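Notes for the one structure printed next.
The values are calculated or read from the model by the stated rules, or taken from the named source; none is laboratory data. Quantities reported herein were computed from a predicted structural model and do not represent experimental measurements. We place every Cβ from the backbone using ideal geometry, glycine too, and count neighbours over all the protein chains shown.
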Amino acid sequence: MNPYSGTAKSYLSKLAKALDALDRDQLDSAVNVIANAWQAGRQIITFGNGGSSLTALHFVNDWNKSISMATGKPFRGRSLVDNVGLIMAYGNDFSFQDIFIEQLKYVLQPGDLALAISGSGNSENVIRAVRYANENGATTLGLCGYRGGKLKDMARHVVWADVDDMQISEDVHAIFGHIVMQRLCGYAP
């Protein structure tokens, strides 16, 4: 066993390596996708499972409050993970694989942005929702890790953390959310 495994030094080294490997142009392009949707008054709809569901919720929390307050322009963010009762109802009445697509059927408008987060890129409920969004005139942005899974190929825009570590992947996605916030709030050029 590596004597540094599980240490702060080991973890931060892995994170630094993953951050250094990121495609900066891909990140900036994805930020522009969000900025364009916001400027056009479109909804930015986030969703994901597990830790990614909390990242999706964190994005909407930060962006709705901070961007709106900093600019005076409303940010129309919503997350498909913030209503446990609704998630459970769709999971019970349909299936867990349909919890996001069923919600999208009633809120998604053409031109909206569906922002899907999946560390593996293969979460079936995320994939079904992205397919639906693509078929119904939405812009899709996928955040993924590992090899990117189906999400990397299906989403029209991608932020890919090429790392075989769920926590590092989730860290990269969280950092992306903070890049978006600072850019749209005017903190960074």
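Part of a helix (DSSP H, G or I) and over 17 Å from Thr55 (Cβ atoms) - does that describe any residue in segment 154-174? There is at least one residue in segment 154-174 that is part of a helix (DSSP H, G or I) and over 17 Å from Thr55 (Cβ atoms). Pairs needed: first member in segment 163-179, farther than 17 Å from Lys17 by Cβ; second member anywhere, among the acidic types (Asp, Glu) and surrounded by fewer than 21 Cβ atoms within 10 Å (Cβ to Cβ); C-beta distance under 9 Å; at least 6 residues apart or different chains. Qualifying pairs under 9 Å: Gly177/Asp62; His178/Asp62; Ile179/Asp28.
Which of the residues belonging to segment 158-170 are surrounded by fewer than 21 Cβ atoms within 10 Å (Cβ to Cβ) and in contact with a Phe, Trp or Tyr (Cβ under 6 Å, 6 or more places away or on another chain)? Across segment 158-170, the qualifying residue is only Asp164.
Being under 10 Å from the mean Cα position of the chain (by Cα) and exposed (fewer than 15 other Cβ atoms within 10 Å of the Cβ) is the filter here, so list the residues in segment 46-95 that pass it. Result: no residue meets the conditions. Considering (1) modelled with pLDDT under 95; (2) closer than 24 Å to Gly77 by Cα, the lone condition that Ser5 does not fulfil carries the number (2). Among the residues of segment 1-43, those that are surrounded by fewer than 16 Cβ atoms within 10 Å (Cβ to Cβ) and in a loop (DSSP other than H, G, I, E, B) comprise Met1, Asn2, Pro3, Tyr4, Ser5, Gly6, Thr7, Asp23, Ala40, Gly41. Here segment 138-157 is the region considered, the condition is being of a type in the set (A, V, I, L, M, F, W, C) and crowded, with 21+ Cβ neighbours inside 10 Å, and the residue that is nearest to the chain's Cα centre (by Cα) is Leu143.
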